[in-house]
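Below is one structure, written out as structure tokens; the observations come after it.
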Amino acid sequence: MTDVHNLGLFILAGWLLNLTPGPDVLYIVSNALRSGAKAGVVAALGITAGCFVHIFAAALGVSALMAASSTAFTVLKWVGAAYLSYVGVKLVLSKAPPPVELIAEKPIQTSAEALKSIFFRGFLTNVLNPKVALFFLAFVPQFIAPDASHPALTFVLLGVLFNVNAVPINMGYALLAAWATRRMGVVQRAMHWLDRLAGVMFVGFGIKLALTESPGS
């Protein structure tokens, strides 16, 4: 893909960022703890479906920016850089969470209707979160070549790759939460250090974005 640069770094960064606990992971884990692995997996699928909405919407925005003035590009560049740096610093300085209290000794059996509800709640939670759209707009364009012939299509392909790569990780969280209910303290400590590592990466991407020149310059 000549329109993409640093594809390997994009995949690696995507995996690390998807491993970082956040609202989506909390939604997956809470459903898995409450209702078992199946509910956690369904929650993960709902979140994945919601991400596709942001990917296609953000691709349209990138396409418009590439055709707009350099001022519009610069404004979004600095907003994105500030956002990525803010998230990174917040992750680096985050404190370890308190131990999780188990919801139940045995997961509650979940009906088909309840699973549908879990899916759509995950979908809507993701779609209605503006931070997800801002993340895609700030992160993905850094891996699109400045002279890309089809930036919007390249954005969609990278976004889909990012989202597909997140599926096994999100499902892994669901299975881990369902299995390791008595080991959550160990898991949380590991996730805390992962927060810090991802935070450093976020700050790095924020700086990289701030130094990016307009495609028209």
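Here, each number is a calculation from the coordinates, and none is a lab measurement. All of these numbers come straight from a predicted model, not from anything done at the bench. Cβ placement follows ideal geometry from the backbone for every residue including glycine, while neighbour counts extend to all protein chains displayed.
Here are some notes:
- Rounded to the nearest whole Hz, the Karplus-based 3J(HN,Hα) values (6.51 cos²θ - 1.76 cosθ + 1.60, θ = phi - 60°) of the range 51-58 follow the sequence 5, 4, 4, 5, 4, 5, 5, 5, with x at glycine and proline.
- Rounded to whole Hz, the Karplus (6.51, -1.76, 1.60) HN-Hα couplings of the range 143-149, x for glycine and proline: 9, 9, 4, x, 9, 4, 6
- The H on the amide N of Val4, modeled in the peptide plane, is under 5 Å from the matching H of Ala145, each at least 5 residues off or on a different chain.
- For Ser117 and Leu26, the FRET efficiency from 1/(1 + (r/R0)^6), where r spans their Cβ atoms and R0 equals 25 Å, is about 0.90.
- Alpha-carbon centroids, the range 9-30 and the range 110-174: separation in whole Å: 11 Å
- Amide H contacts for Gly36 (H built 1.01 Å from N in the peptide plane; partners 5 or more residues away or on another chain; cut-off under 5 Å): Ile108.
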